[in-house]
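The structure appears right after this line, and notes come after that.
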Amino acid sequence: MSRRDFIKGAGAGLLAGALPAARAAGLPELNWRLSSSFPKSLDTIFGAAETMSKRVAQITGGRFKIRIFPPGELVPGLQVLDAVQAGTVEMGHTAGYYYVGKNMAFAFDTALPFGLTARQQNAWMYAGGGMELLRGLYKEYNLVQFPGGNTGAQMGGWFRHEIKSLKDLRGLKMRIPGIGGSIMAKLGGVPQTLPGPDIYPALERGAIDAAEWVGPYDDEKLGFSRIAKHYYYPGWWEGGPQLSFIVNQQKWNELPEPYQAALEAACAEANVTMLAEYDAKNPEALMRLVKQGVKLHPFPKDVMVAARKAAFELYEEEARKNPVFKKLYDNWKKFREAEIQWFKVAEAPYQNFIYYTK
Ligand code: CA
């Protein structure tokens with residue numbers, strides 16, 4: 001006799017006290033599928049979906065199960081949004097800025113060059129009105145969005161040769177996707193978009209001169225240090241990139257309220273723990289890389305200043321022609337400026353003293 005038959009036979013009322021709340025309340029058994037945009041090898045990013053799914057199952061007494069699929073198994077990694085929109089899968093784990101081709105405003109869901117730090121992004125999402133605005137954008141695509149992890153400030157990538165000033169970027173072929181790539185192009189570089197596995201061979205055979213990925217923990221696995229010794233910081237195009245869980249709007253509406261609450265709480269937990277994982281794992285990875293002879297360099301100041309100028313010119317230009325972008329940009333820009341004023345007073349002086357004053 002199966003457990004379910006036993007329960008049916010014994011009568012639900014008799015056993016209610018011993019059963020998980022979900023079962024006692026007669027909540028349905030649900031099996032959802034989640035498509036991830038991230039390969040399993042990026043265990044910290046991929047793992048955020050697993051963290052979320054495990055917690056949802058725990059909270060609902062095993063009644064609401066979400067199975068995670070790596071990119072390519074159900075849908076390609078960069079088509080997760082389309083698949084969730086169409087209801088092919090109920091849910092996805094992805095990065096909004098993969099979809100800037102649909103609308104550049106999707107970048108606000110992940111990162112804009114010289115944008116918010118991870119903490120500021122969380123502040124904008126959970127307490128600053130950013131999530132409501134982003135959800136307005138996602139609603140047009142039949143989706144509900146939840147913050148779903150953050151890497152913290154990324155590294156600026158691996159360069160075969162030193163970059164001493166802005167003019168060294170001229171003609172430089174670099175793997176750098178998205179808006180960061182557009183800005184690199186404005187500075188005279190030649191941006192390339194290559195998926196993770198193709199970067200190492202391109203760098204090795206000299207097809208590209210530089211490549212950015214994430215940060216020490218993830219970059220170490222791809223082995224870039226063997227061919228490009230100069231490791232630059234900071235990744236000014238990704239100062240606090242956020243990943244997102246997206247849910248099909250109808251599927252979300254159909255969820256019983258306790259399941260909605262479970263899903264929302266589990267997404268928030270995954271959002272926080274991914275950043276914690278990176279902050280805990282990056283220091284040791286960086287030390288190992290430096291021991292192998294990797295040379296750390298800050299980007300020259302003229303590169304940083306020119307890139308920031310080019311970035312804001314690009315945003316202003318986009319805001320003039322794209323009302324959806326403008327709506328998010330106006331709010332984001334004001335929020336960012338206020339955050340800078342506050343962080344300049346307490347956070348930055350505290351950190352500067354701790355890090356640099358003996
Ligand atoms: Ca990156």
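The values are calculated or read from the model by the stated rules, or taken from the named source; none is laboratory data. All figures in this text were calculated on a predicted structure; none of them were measured in a lab. Cβ coordinates were reconstructed from backbone atoms using ideal geometry, including for glycine residues, and neighbour counts include every protein chain displayed. Accessible surface areas use protein heavy atoms only, side chains included; no ligands, DNA or RNA. Shrake-Rupley method; radii C 1.70, N 1.55, O 1.52, S 1.80 Å.
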Exercise for review: Check cross-link reach from LYS327 to the lysines: straight Cα distance under 30 Å, and skip same-chain residues fewer than eight apart.
Suggested key: LYS102, LYS139, LYS186, LYS251, LYS309, LYS344
Point to revise | Sequence of LEU166, LEU314 when ordered by accessible area, the most exposed leading, probe 1.4 angstrom | key: LEU166, LEU314
Check your understanding: How much accessible area does HIS230 have with a 1.4 Å probe, in Å² rounded to the nearest 10?
Key -> 30
Point to revise | Solvent exposure ordering (accessible area, 1.4 Å, most first) of ASP218, ASP82 | key: ASP82, ASP218
Review point. Counting only the heavy atoms of the protein chains, how much of GLU316 is accessible to a 1.4 Å probe, in Å² to the nearest 10?
Key: 70
Check your understanding: In deg cm²/dmol, rounded to 500, what helix-only [θ] at 222 nm does the chain give when every DSSP H run of at least 4 residues adds -39500 (n - 2.57) and the total is split over its residues?
Key -> -15500 deg cm²/dmol
Check your understanding: Can you give the extra length, in nm with one decimal, that the chain gains between HIS297 and GLU269 once fully stretched, where that is 0.36 nm per residue apart less the Cα-Cα distance?
Key -> 6.7 nm
Review point. By how many nm would the segment from VAL190 to GLU140 lengthen if fully extended, with 0.36 nm per residue of separation less the alpha-carbon distance?
Key: 14.6 nm
Check your understanding: Looking at the square roots a ≥ b ≥ c of the eigenvalues of the Cα gyration tensor of the chain, which shape do they give, rounded for a/c under 1.5, prolate if a/b is larger than b/c, or oblate?
Key -> prolate
Study note, to complete from the structure: Expressed as a percent, the accessible surface of segment 77-233 that is carbon or sulfur, using a 1.4 Å probe and the full set of protein chains, is 52
Study note, to complete from the structure: Contact order relative to length for the chain, counting C-alpha pairs under 8 Å separated by 6 or more residues, stands in percent at 22
Point to revise | Counting DSSP beta bridges with both ends in the chain, the antiparallel % (nearest 5) | key: 45
Exercise for review: Please give the net charge around ILE340, taking every other residue with its beta carbon less than 14 angstrom from that of ILE340, where Lys and Arg add +1 and Asp and Glu add -1.
Suggested key: +3
Practice item. Return the single residue from MET184, MET287, MET91 with maximal mean-square fluctuation; model: Gaussian network over the chain, springs between Cα atoms under 10 Å. Key: MET287
**Study point:** Distance from segment 173-193 to segment 197-215 (C-alpha centre basis), Å
**Key:** 13
Check your understanding: What does the charge dipole of segment 251-358 about its Cα centre add up to, to the nearest 20 debye, if the Cβ of each Lys and Arg holds +1 and the Cβ of each Asp and Glu holds -1?
Key -> 660
Practice item. Provide GLU50, GLU254 ordered by accessible surface of protein heavy atoms (probe 1.4 Å), highest first. Key: GLU254, GLU50
Study note, to complete from the structure: Counting Lys and Arg as +1 and Asp and Glu as -1 over every other residue whose Cβ sits under 13 Å from the Cβ of ALA311, the net charge comes to 0
